[in-house]
Amino acid sequence: MDEHELGRLIGMLQPAPAEWTRAAQELPFLGVELDDILARARGDDGFREALRTDAGSALRERGYDLSPSVVAHIMRRLPDAQGNEP
């Protein structure tokens, strides 16, 4: 397969969903914020529970404006009730 054929095949693909694009743009800049959020969740039972109850609201209340994809990423890495990593 040459580069023209590859370009043609790529051109046939559907565009990525807007949320994927936004999350991909955010993630490189969020490393420190993600680490901060997860560290706080490990040490603060109230914050961790607020994330479990309504992560979007809990994060907005603390000044974070994150896409749903990034919030889902945080939730996958959220420590359990005892502060243990998944």
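Is it true that some residue in the range 60-67 is in contact with a Pro (Cβ under 9 Å, 6 or more places away or on another chain), surrounded by 10 or more Cβ atoms within 10 Å (Cβ to Cβ) and modelled with pLDDT under 90? Within the range 60-67 (the criterion being in contact with a Pro (Cβ under 9 Å, 6 or more places away or on another chain), surrounded by 10 or more Cβ atoms within 10 Å (Cβ to Cβ) and modelled with pLDDT under 90), the answer is no, since none of the residues qualifies. Quick one: count up the residues across the range 1-36 that are farther than 20 Å from residue 75 by Cβ and among the acidic types (Asp, Glu). Of the residues in the range 1-36, 3 are farther than 20 Å from residue 75 by Cβ and among the acidic types (Asp, Glu). Among the residues of the range 23-49, just one is closer than 20 Å to residue 67 by Cβ and basic (Lys, Arg), namely 40. Here the helices (runs of 4 or more DSSP H) wholly within the chain that include at least 1 residues being in contact (Cβ under 8 Å) with a residue 24 or more places away in the chain and out of contact with any helix residue (DSSP H, G or I) (no Cβ under 6 Å at 6 or more places or on another chain) are 18-43, 45-61, 68-77. Scanning the range 49-79 for residues that are in contact with an Asp or Glu (Cβ under 9 Å, 6 or more places away or on another chain) and over 20 Å from residue 19 (Cβ atoms) yields 50, 79. The requirement of being surrounded by 11 or more Cβ atoms within 10 Å (Cβ to Cβ) and small (Gly, Ala, Ser) is fulfilled nowhere in the range 28-38; no residue meets it. Of the residues making up the range 42-50, not a single one is surrounded by 17 or more Cβ atoms within 10 Å (Cβ to Cβ) and under 12 Å from the mean Cα position of the chain (by Cα).
The values are calculated or read from the model by the stated rules, or taken from the named source; none is laboratory data. Being a predicted model, the structure only gives us computed values, none of them experimental. Cβ coordinates were reconstructed from backbone atoms using ideal geometry, including for glycine residues, and neighbour counts include every protein chain displayed.
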